[in-house]
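Heads up, the thing below is written out as C-alpha cells.
Just so you know, all these numbers are worked out from the coordinates, no wet-lab data involved. The structure presented is a predicted model; accordingly, all values stated were derived computationally and were not measured. Backbone-built Cβ (ideal geometry, glycine too); neighbour counts: all protein chains shown.
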Amino acid sequence: MSADSATVASPLVKVRAEIARACRTVGRDPASVTLVAIAKTFGAKAIEPVIAAGQKVFGENRVQEAAAKWPALTARHPGLELHLVGSLQSNKTREAVALFDAIHSVDRESLAAALAKEIAREGRKPTLFVEVNTGAEPQKAGVLPEETDAFIARCREQHGLAIAGLMCIPPVDEAPAPHFALTAKIARRNRLPLLSMGMSADFTTAIELGATHVRVGTAIFGARKSE
Ligand SMILES: *Cc1c(COP(=O)(O)O)cnc(C)c1O
C-alpha cells in the first residue's frame, strides 16, 4: 500500500467524513465541530501519525499521563491543543491549568475554587466545561441536571470563572440521544455556547443534537489495551 492510500484509508479520515455527513444532515457547518482525539493509553508512536495527518486537538483523561506524554510532543509540533476530559483532583489543579487548553470536567465547588486560584496565578485561561451527570449515576462524576443552573451561577458569581460549555457522558446502557438533548437544553438556558458530547459510538447523534466538541478515541486509535 502506498503512503497515500494509507492516509486515505485512515480511521481519522473516516471519522472526519462522518462528522461532515452528520453536519450536513442537520445543516451545520463542519467547522462548528471540534474533533478531540482522545489519546489516553497510547504513546507517541501511535499519536505522531495522527498529528502528521493534520489532527491538532487531543484529549487525555489523566493529568499524570498527559504530563508524561505531551510536553515532548507539543515541543516537536507547535500549535497543538490539549484537552482534559477525565476527572480532575483538586491537588492536580495547578498542573492541569499549566498543561491543558481546555478542561471538560468541572464538577464541584472545591474544584471551581481551586481552578479560579490557579487561573489567576498562572495567567492562563483554559476553556472550561461543567460536567453534567445526566443519568444521575452514583459512580459517575458530574453535577446533577437539577443542580447545574445553580452550580454554573456559583462558578460565575462566586469564583469569577468563565464557564464556556457543558460536557456529558451518557450511561453506557441507555440510548444517548435524550442525554445529549438534556445537556443541550441546560446549556441553552444558561447561554453556554459549547457542548462536549459524543464518543466513538455516538458522535454523529451528538452532532445532530448540537455537539461542538466530540471526544473520539477508539474510532481513531483502535481499541485500548487498558486504562
Ligand atoms: C476515553 C474517553 C472518551 C473516548 O471514548 P471512545 O469510546 O474510545 O471514543 C471520551 N470521553 C471521555 C471522558 C473518555 O474518558
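Residues are listed down the side, and each one gets a yes or a no for (1) crowded, with 18+ Cβ neighbours inside 10 Å; (2) part of a helix (DSSP H, G or I):
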site	(1), (2)
Arg124	no, no
Gly135	yes, no
Arg154	no, yes
Leu161	yes, no
Val172	no, no
Gly210	yes, no
Ala219	yes, yes
Looking for something under 18 Å from the mean Cα position of the chain (by Cα) and of a type in the set (Asp, Glu) - is there at least one such residue anywhere in the range 115-138?
yes
Residue pairs meeting the criteria (Cβ under 9 Å; at least 6 apart or on separate chains; first in contact (Cβ under 8 Å) with a residue 12 or more places away in the chain, in the range 150-171; second charged (D, E, K, R) and assigned to a strand (DSSP E or B)):
Leu166/Glu131; Met167/Glu131; Met167/Arg215; Cys168/Glu131; Ile169/Glu131; Ile169/Arg215
If I ask for residues that are within 16 Å of the ligand (Cβ to nearest atom) and either more than 15 Å from the chain's Cα centre (by Cα) or assigned to a loop (DSSP other than H, G, I, E, B) (or both), which ones from the range 176-203 would you list?
Pro176, His179, Met197, Gly198, Met199, Ser200, Ala201, Asp202
At least 2 residues that are within 13 Å of the ligand (Cβ to nearest atom) and surrounded by 15 or more Cβ atoms within 10 Å (Cβ to Cβ) in each: list the helices (runs of 4 or more DSSP H) lying fully within the range 1-100 that qualify.
11-25, 63-76
